[in-house]
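Read-outs: derived from the displayed coordinates by stated rules, not from any lab. Remember, it's a predicted structure, so these values are computed and weren't measured experimentally. All Cβ positions, even for glycine, are placed from backbone atoms using ideal geometry, and neighbour counts span all protein chains on display.
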Amino acid sequence: MEKPSLRVRLSDVARRAGVSASTVSRVLSHPDVVADATRNAVMRAVEETGYRMNHAARNLRKGRTGAVVALVPNLGNPFFAKILDGIRRELAGAGYDLLVADTLDGQGRHTALRRFLDPSRADGIILLDGLVPQDGLDAPGQPPVITACEWIEGATLPRVMLDNAQGARLAVTHLREAGHGHIGLIGGPPPNVLHKDRMRGARDAAQGLRLTLFPGDFTLAAGQAAADLWAELPTGDRPTGIFAFSDEMACAFLSTLQRRGFTVPRDLSLIGFDDIELASHLAPALTTIRQPKRDLGQSAARVILDRIEGQTVAPVTLLEPQLMRRETVAPPPGRG
């Protein structure tokens, strides 16, 4: 390989690859639209010449900031870590920086979003909060906005999301197949779109079963409260299988019951949702519905990059959930 030079230009790469400078630019910006042989020749020439894209100059030339903002509800929630990492990795490959802000930072969801709807601050926005007001999100002159994980009901923004209803069907079906005829659901906040979709899927799969709903909000405190409510029910009224709409609630539910002298899955079965890092390290390890969080982040980054470039994108990018069978599901007491 030639010794890299700070003066290597796009034309040098084009000459080495035997193509035009515009073809080199197209390969570096949109490699998926270029023939494999051409793309391979250009990338070999890039490596041999030591060419490095000057992203700062490109952004200045196009009047861009070189940054994309991800707006998250509660940065303290570990669920978002892998999603943000997936976004960061994909953006970095395209020469963009990731900025992260919390929509619950005390100023209100509306204010948090409006701070970044100025094209001088960001080239695009990935919104992971479905409760942000939708008015003005697609006004002319603003950076493009897409939603990821959560979405805003009634908005026409592109969305990247898990098939939440299918994930709930997998969870309830797994409990049904284990022999549970009375299932408890620990939901999320009723206005939340994730709660609505998971509730719809759970009810679809629970046809003919007895359901008990425990209030929740995806937090540890809600899981603890649900466990206390379950333990205080008469024995015959307790659901034998519990499906929590988040792993945080499932983890707190499990630990609270263990402190009260119950054993999972001997006394009841439990399934969570999300497959956070902690889930597989619990004792017993938590059966849960896996979200491909890093893949979701990378998909969201690709969609916002396409929107920044003015390309048409699919209205919905849907990712599939996966049932992670571990140690917290067994037949109901007396049937094992």
How large is ³J(HN,Hα) for each residue in the range 193-205, as worked out from phi by the Karplus curve 6.51 cos²θ - 1.76 cosθ + 1.60 (θ = phi - 60°), to whole Hz, x for Gly and Pro?
5, 5, 4, 5, 5, 5, 5, 4, x, 5, 5, 4, 7
If 8, 303 are placed from fewest to most neighbouring beta carbons inside 10 Å, the sequence is 8, 303
With +1 on the Cβ of every Lys and Arg and -1 on the Cβ of every Asp and Glu, the dipole magnitude of the range 164-291 about its Cα centre, in debye rounded to the nearest 20, is 320
Amide H neighbours of residue 317 under 5 Å, counting only residues 5+ apart in sequence or on other chains, H built in-plane at 1.01 Å?
159, 160, 161
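Cβ under 12 Å from residue 304's Cβ, residue 304 left aside: what net charge do those residues give with Lys, Arg +1 and Asp, Glu -1?
Working: positive: 159, 302, 307; negative: 90, 123, 306, 309.
Net of charged neighbours comes to -1.
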Over all alpha-carbon pairs of the chain, lay out the pair-distance distribution in 20 Å bins, whole %, shortest bin first.
28, 44, 23, 5, 0
Describe numerically, in nm with one decimal, the distance between label points set 7 Å from Cα along Cα→Cβ at residue 101 and at residue 313.
1.8
Would you mind computing the Rg to Rh ratio of the range 164-291 from its alpha-carbon coordinates, Kirkwood style for Rh?
0.92
Defining a contact as two alpha carbons under 8 Å apart and six or more residues distant in sequence, what relative contact order in percent does the chain show?
17
With every atom except the alpha carbons ignored, what do you get for Rg and Dmax of the range 119-196, in angstroms?
17.2, 58
From phi via Karplus (6.51, -1.76, 1.60), per-residue ³J(HN,Hα) for the range 221-226 in Hz, x at Gly/Pro
4, 5, x, 5, 4, 5
For the chain, set up a GNM with springs between Cα atoms under 10 Å and report which of 95, 76, 261 has the largest fluctuation.
261
Lys/Arg +1, Asp/Glu -1 at C-beta; the chain dipole; positive extreme among 87, 286, 242
87
Reported to two decimal places, what Rg/Rh ratio describes the range 223-275 when computed on Cα atoms with Rh from the Kirkwood expression?
0.93
Vicinal HN-Hα couplings computed from phi for the range 296-307 (Karplus, 6.51 cos²θ - 1.76 cosθ + 1.60; Hz; Gly/Pro x):
4, x, 5, 5, 5, 5, 5, 5, 5, 5, 5, 5
Where is the GNM fluctuation largest for the chain (alpha-carbon springs, 10 angstrom cutoff): 182, 195, 281?
281
